[in-house]
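Enquirer: Attaching a single structure in C-alpha cells format; questions to follow.
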Amino acid sequence: MATATSTMSPVAQVGETAGVIWHTLNENGPLSLAKLTKAADVPRDVVMQGIGWLAREGKIDIDENSRGRVVSLR
C-alpha cells in the first residue's frame, strides 16, 4: 500500500489516506477498523480521519457487531 509521507500537509495526508482506505475496501471488501489500520500502514488517528472524510462524502458504511466496527463501501 502507498503510505502518505510526512512532507505532506496534514489535510493532504488525510485525503491520501482516504484514497488508500477506499482502494483497500474495494479490493478486500468490508474490514474491521484494526485490519483497515494495518492495511493502510499509517497512524490510527489519520485512518480515523480518512474514515470520517469518506463517511462525510457518503462513500462508506460503518456497522457495529459483537467484535467491534466494520467499515464497508456503499
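FYI, it's all coordinate maths here, none of it is from the lab. Because the structure is a prediction, the values reported are computed rather than measured. Quick reminder, even Gly has a Cβ in these numbers, built from the backbone with ideal geometry, and neighbours come from all protein chains shown.
Enquirer: Under the definition of Cα pairs under 8 Å and six or more residues apart, what whole-number percent is the relative contact order of the chain?
Expert: Answer for the chain is 34 percent.
Enquirer: Between the stretch 32-50 and the stretch 11-28, what is the C-alpha centre distance in whole Å?
Expert: 9
Enquirer: As an exercise, identify the GluC sites (Glu not before Pro) in the chain lying in DSSP coil whose Cβ has no more than 14 other Cβ atoms within 10 Å.
Expert: E57
Enquirer: Also, I was wondering about something else. What Kirkwood Rh does the chain have if only Cα atoms enter the pairwise 1/r average? Answer in Å. If you can, show how the numbers build up before the last one.
Expert: Details: mean 1/r = 0.0827 Å⁻¹.
After inverting the mean inverse Cα-Cα distance, the result is 12.1 Å.
Enquirer: Compute, for the stretch 10-73, the length of the dipole vector about the Cα centre, with Cβ point charges of +1 (Lys, Arg) and -1 (Asp, Glu) only. Units Debye, rounded to 20.
Expert: On the way: 7 positive and 8 negative charges, 31 e Å.
About 140 debye.
Enquirer: In nm, what is the difference between 0.36 nm times the number of residues separating R67 and K38 and their Cα-Cα distance? Spell out each step's value before the answer.
Expert: On the way: separation 29, 0.36 × 29 = 10.44 nm, distance 1.69 nm.
Difference between extended and current length: 8.8 nm.
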